[in-house]
1. Quick check on this structure: which one of G94, G79 is small (G, A, S), over 25 Å from I193 (Cα atoms), open to solvent by less than 40 Å² (accessible area, probe 1.4 Å) and not in a strand (DSSP E or B)?
2. I'm told I513 meets every condition in (1) buried (at least 17 other Cβ atoms within 10 Å of the Cβ); (2) at pLDDT 90 or above except one. Can you identify the failing condition by its number?
3. Which of the residues belonging to segment 450-486 are within 16 Å of the ligand (Cβ to nearest atom) and open to solvent by 10 Å² or more (accessible area, probe 1.4 Å)?
4. Here is a list of conditions, (1) within 24 Å of V613 (Cα to Cα); (2) modelled with pLDDT of 95 or more; (3) within 24 Å of the chain's Cα centre (by Cα), and K178 meets all of them except one; can you say which number that is?
5. Assess whether T407 counts as being touching a residue at least 40 places away in the same chain (Cβ under 8 Å), within 12 Å of the ligand (Cβ to nearest atom), touching an Asp or Glu at 6+ places or on another chain (Cβ under 7 Å) and within 29 Å of L492 (Cα to Cα).
6. In segment 242-297, how many are free of Cβ contacts under 8 Å to residues at least 60 places away in the same chain, open to solvent by less than 70 Å² (accessible area, probe 1.4 Å) and in a loop (DSSP other than H, G, I, E, B)?
7. Could you please find all residues in segment 341-366 being away from the ligand (no atom under 16 Å from the Cβ) and touching a helix residue (DSSP H, G or I) at 6+ places or on another chain (Cβ under 9 Å)?
8. Tell me which residues, restricted to segment 318-340, are within 16 Å of the ligand (Cβ to nearest atom) and either among the β-branched types (V, I, T) or open to solvent by 30 Å² or more (accessible area, probe 1.4 Å) (or both).
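The values are calculated or read from the model by the stated rules, or taken from the named source; none is laboratory data. Keep in mind that this is a model prediction, so the values were computed, not measured. Backbone-built Cβ (ideal geometry, glycine too); neighbour counts: all protein chains shown. The area values use the complete protein model at the heavy-atom level, side chains included, leaving out ligands, DNA and RNA. Shrake-Rupley method; radii C 1.70, N 1.55, O 1.52, S 1.80 Å.
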Amino acid sequence: MCGIVGYIGRQEAYPILIKGLHRLEYRGYDSAGVALVNPDNVLNVYKTRGKVEDLERFCDTKDVSGTVGIAHTRWATHGEPNDINAHPHFSTNGKIAIVHNGTIENYNVLKQALIEHDCEFRSETDTEVVVKLIEYIQSTNDCSLVDAVRGALKQVVGAYAIAVVDCEDPDMIIAARKSSPLVVGIGDHETFIGSDASPIIDYTNQVVYLGDDEIAIIRRDAPLQVINNDNIPAKIDVQTLELSVSQLEKGGYPHFMLKEIFEQPNTIYDCIRGRIVNNDTEIKLSGVIDHPDRFINASRVVIVACGTSWHAGLIGGRLIENYTRIPARVEYASEFRYANPVITSSDVVIAISQSGETADTLAAIKLAKERGAFVYGVCNVVGSSIARETDSGTYIHVGPEIGVASTKAFTGQVTVLTMLALAIGQLRGTVNKSQLLEAIANIKKLPELIRETLKLNDRIEKLSRTFTYAHNFLYLGRGYNYPSALEGALKLKEISYIHAEGYPAAEMKHGPIALIDKELPTVVIAPNDDLHEKVISNIQQVKARGGSVIAIVTKGDTEIPKIADYVLEIPPVAESVSPVVVSVPLQLLAYHIAIMKGCDVDMPRNLAKSVTVE
Ligand code: M6R
């Protein structure tokens with residue numbers, strides 16, 4: 001989704017802004033632009049549809065001088081992706097420029113009012129309304145830019161992160177946010193702005209995460225000032241980033257997605273580290289330990305999330321019911337927020353989000369809090385909006401995930417949810433000692449099991465060639481691996497654009513079986529578990545109708561290789577943690593099929609990494 005970068009300091013802004021835009025590309029975008037105030041105090045705005053490289057080519061012959069500027073990658077919401085709708089947008093007098101991430105819900109009302117005051121609009125965007133409103137307030141009230149921005153934001157309904165420059169005040173950038181993320185990086189005589197820390201980390205690890213309704217006044221060679229919309233100074237909490245530049249680079253892999261798949265033995269290790277204690281006899285999650293009563297007395301757990309995180313939530317819900325005996329339900333955040341759900345103060349709501357910025361999940365959290373629930377976050381991005389909005393939580397600590405298709409975050413989420421279920425079970429006394437020890441041992445084996453499973457890469461690459469023709473895929477799984485089937489299907493469709501459906505294997509006969517023919521490959525997740533025999537019957541049903549089957553089985557399985565067309569063997573793994581291991585061949589299969597089809601796996605069409613609008 002849209003990305004914002006800003007710079008003010010002593011260096012030339014343009015190269016910093018362009019590098020920052022490249023860092024933000026992973027978020028997904030369709031156009032890019034930059035606004036710079038040059039040494040003669042002239043505002044230069046350049047923008048174009050396409051990639052950041054297109055913008056760079058466009059700027060090749062232009063004046064890109066200046067030590068203050070803002071830049072943007074746009075993911076279209078209001079108005080098609082084209083040069084005019086690209087950001088930055090600028091005032092009628094050409095002096096003020098703005099970049100924006102979010103959605104201004106009342107933009108049409110504001111636009112009509114401004115049109116009545118003879119204001120003209122160039123673009124179809126909601127963003128242009130904000131800069132024209134700032135200009136209108138400034139000219140009619142003869143006020144400072146800060147007051148004009150404050151005045152405009154008071155009239156705006158919706159979500160925004162904005163950055164504003166004015167060539168009449170070239171020593172200042174104003175940045176503000178409400179429900180869309182914005183980070184300010186504090187360097188030595190220079191200040192940076194980013195939608196996340198990735199454009200900032202090359203220069204400084206000292207950052208301030210702006211809070212909702214806060215406005216940062218960033219002056220050249222002056223301390224950062226933060227106020228709220230009522231002009232009251234806000235507390236500035238400078239934090240140190242635990243992020244390294246190497247984490248944002250491909251490190252020799254052709255794609256971030258492949259790098260992230262291969263990182264999983266280490267990311268799962270990091271995710272577990274420090275959380276299994278006392279000689280592997282206890283799970284320790286500070287987010288649970290700090291609030292024991294909320295978990296001991298919980299009458300229900302409600303999990304809210306979107307996309308892959310929702311799939312992790314489905315597994316988490318089962319684990320929680322299994323280990324804690326607390327009823328758990330799992331909701332799409334986008335449905336939950338508008339469903340008028342029954343939520344009480346004895347509920348624990350668990351919000352799962354890699355980015356920690358997903359608008360629907362954030363809205364679900366706010367609703368749950370209003371209704372008195374205790375809200376627990378499972379996030380990856382440290383300091384993200386969801387991490388800050390929740391009452392407590394656990395980071396998955398898998399490092400930055402740049403590929404749009406979530407891989408290592410999914411396995412990290414499932415691992416954390418397993419530990420969370422056990423930690424609550426310990427507290428409530430619903431898991432006995434031997435169950436706990438066995439579960440802990442199973443979790444600890446995961447990094448090694450993933451390492452072993454990654455050896456399937458070459459075989460899956462070869463196998464993938466066979467399936468680039470397919471227009472549809474079916475994924476089947478049971479129990480904990482029914483969500484794995486959903487996740488496998490999502491991975492394939494989002495990066496290869498092949499339609500895929502995930503189903504509980506036994507549900508196939510209630511409808512999807514009608515789809516089966518020799519054109520439809522079926523991926524069956526069939527490790528050795530309690531339902532193994534049943535899954536074998538499901539495979540027989542597919543084969544009896546001429547379908548081809550790719551089966552993910554436990555090494556040593558003698559039954560399924562006799563009937564499936566292709567077999568991918570994973571090492572023996574306990575049922576409750578099997579989705580973590582099973583997801584590896586599913587990720588690799590999607591990756592290689594997409595690559596064979598020539599798709600851009602890291603930045604698939606139309607998708608955004610962090611979905612900060614509804
Ligand atoms: O950052 P979040 O985990 O909240 O994101 C939720 C979904 O947008 C995300 O999982 C999406 O489905 C991914 N593209 C899946 O690979």
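1. Being small (G, A, S), over 25 Å from I193 (Cα atoms), open to solvent by less than 40 Å² (accessible area, probe 1.4 Å) and not in a strand (DSSP E or B) holds for just one of G94, G79, which is G79.
2. Single failed check for I513: (2).
3. Across segment 450-486, the qualifying residue is only L486.
4. (2)
5. Spelling it out, T407 is indeed touching a residue at least 40 places away in the same chain (Cβ under 8 Å), within 12 Å of the ligand (Cβ to nearest atom), touching an Asp or Glu at 6+ places or on another chain (Cβ under 7 Å) and within 29 Å of L492 (Cα to Cα).
6. Of the residues in segment 242-297, 3 are free of Cβ contacts under 8 Å to residues at least 60 places away in the same chain, open to solvent by less than 70 Å² (accessible area, probe 1.4 Å) and in a loop (DSSP other than H, G, I, E, B).
7. Passing the criteria: P341, I343, S346, D347, V348.
8. If the condition is that a residue be within 16 Å of the ligand (Cβ to nearest atom) and either among the β-branched types (V, I, T) or open to solvent by 30 Å² or more (accessible area, probe 1.4 Å) (or both), then V330, E331, Y332, S334, E335, R337 are the ones that fit.
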